[in-house]
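Okay, structure first, notes after.
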């Protein structure tokens, strides 16, 4: 079965280039040249994953992402202007799973898409058992949901992956290089703050009382501390 990609990009030349390449790599591609059409397609269950440009003519891509997150939990990769770190940070805060700076290399986009889709398909290999509890958290891999006090946490796909890897190694230390590979599907590069942003968002969503659940182990990585009951 072909993976269905929704490509929301107003640059006609770039959109057609990426669409042709994705199609040649076995993806089924739907296209939208503006935010409103993209939202309609995304919420109509016509795709498995979304590639979203931040700069759109009608609705800012970040606003499209906010609206999409209020309706669905589709994985989203942002296309951002090179060097615009603020857009990337806000994008992760709103709910993006990954980003690629423009101009976009089609081969890199395919690699990111495949990595994200693999992570979604490989939940059963993480070591987290369905229904297992970690203090007030309960993991349901079949639903791709993590519950806190029986209420579903509002997590992006990548935040879910990061958290379940940490839970699978609760009490131990997961090296940043391993967490980047296992949860985001790529190597940790110098000055790449993607993982740090996801950890920051998870800490906010999990709450910091009486202390952060996800602890930074300086020089190594991160450790999930199960709260005492």
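The values are calculated or read from the model by the stated rules, or taken from the named source; none is laboratory data. Computed from a prediction, not measured in an experiment: that's the story for all the values here. A quick note on method: Cβ atoms are made from the backbone with ideal geometry, for glycine too, and the neighbour counts reach across all protein chains shown.
Of everything in segment 95-119, what is buried (at least 18 other Cβ atoms within 10 Å of the Cβ), part of a helix (DSSP H, G or I) and modelled with pLDDT under 85? Give them in sequence order.
Within segment 95-119, 116, 117, 119 meet the criteria.
Would you check if there is a residue in segment 47-68 being at pLDDT below 85 and assigned to a helix (DSSP H, G or I)?
no
Spot the failing condition for residue 173; the list is (1) under 18 Å from the mean Cα position of the chain (by Cα); (2) modelled with pLDDT of 90 or more, and only one is missed.
Residue 173 satisfies every listed condition except (1).
Please name all residue pairs, on different chains or six or more residues apart, with Cβ atoms under 9 Å, provided the first residue is in segment 11-29 and is at positive phi and the second residue is surrounded by 13 or more Cβ atoms within 10 Å (Cβ to Cβ).
Final answer for the pair search is 26/3.
One residue is enough: does segment 160-171 have a residue meeting the conditions under 22 Å from residue 101 (Cα atoms) and out of contact with any helix residue (DSSP H, G or I) (no Cβ under 6 Å at 6 or more places or on another chain)?
no
Go through 62, 39, 78, 74 for me and flag whichever is surrounded by 16 or more Cβ atoms within 10 Å (Cβ to Cβ), over 19 Å from residue 158 (Cα atoms) and in contact (Cβ under 8 Å) with a residue 24 or more places away in the chain.
Answer to the check: 39.
Would you confirm whether or not segment 30-37 contains a residue that is out of contact with any helix residue (DSSP H, G or I) (no Cβ under 6 Å at 6 or more places or on another chain) and either in a strand (DSSP E or B) or under 21 Å from residue 117 (Cα atoms) (or both)?
No, because not a single residue in segment 30-37 is out of contact with any helix residue (DSSP H, G or I) (no Cβ under 6 Å at 6 or more places or on another chain) and either in a strand (DSSP E or B) or under 21 Å from residue 117 (Cα atoms) (or both).
Identify the residue in segment 144-166 that is at positive phi and without any contact (Cβ under 8 Å) to a residue 40 or more places away in the chain and, among all such residues, is surrounded by the fewest Cβ atoms within 10 Å (Cβ to Cβ).
Restricting to residues being at positive phi and without any contact (Cβ under 8 Å) to a residue 40 or more places away in the chain, the top hit is 150.
Quick check on residue 33: is it assigned by TED's automatic domain parsing to the domain that holds residue 98, without any contact (Cβ under 8 Å) to a residue 24 or more places away in the chain and surrounded by 16 or more Cβ atoms within 10 Å (Cβ to Cβ)?
Here the answer is no, as residue 33 does not meet what is asked.
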